[in-house]
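Take a look at the structure below.
Each reported figure results from applying straightforward, stated rules to the coordinates on display, with no laboratory input. Values in this document were obtained by computation on a predicted structure and should not be read as measured data. When we count neighbours, we look across all protein chains shown, and the Cβ atoms used for this are built from the backbone with ideal geometry, even at glycine.
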Amino acid sequence: MNIFQLIGINQSNILIILIVIFVIFLIIRELLTWYWKINKIVRLLEQIEENTRLEIIEKKTEVVLEQKPQTTVNKDPISQTPRNVLDKWWNGPGKYSPS
């Protein structure tokens with residue numbers, strides 16, 4: 001003897017009872033979320049997140065567009081060659097002798 005026979009429920013009715021309980025659960029859940037405005041809050045938070053992401057993207061593009069290209073004028077291009085930089089390091093400060 002199982003529990004369903006003790007309660008008086010046929011096994012064929014179990015599926016129907018579970019479906020009815022699930023539907024009642026969904027209805028109660030929807031009523032509670034409506035009452036506490038949870039659906040509206042979630043919708044507003046999603047809009048805020050989307051707007052924030054758009055603002056960040058716009059700021060990044062503004063910063064990139066506002067940046068001026070950096071051009072450096074090298075007054076002495078020969079002194080910046082790798083060989084001369086190594087010579088400066090090797091000979092120490094004040095002992096630089098161009099080759």
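What to note about this one:
- Cα-centre dipole for region 3-67 with unit charges at Cβ (Lys and Arg positive, Asp and Glu negative), debye to 20: 380 debye
- Among ILE16, GLN5, TRP36 - extreme Cα towards positive end, dipole of region 3-67, charges at beta-carbon: GLN5
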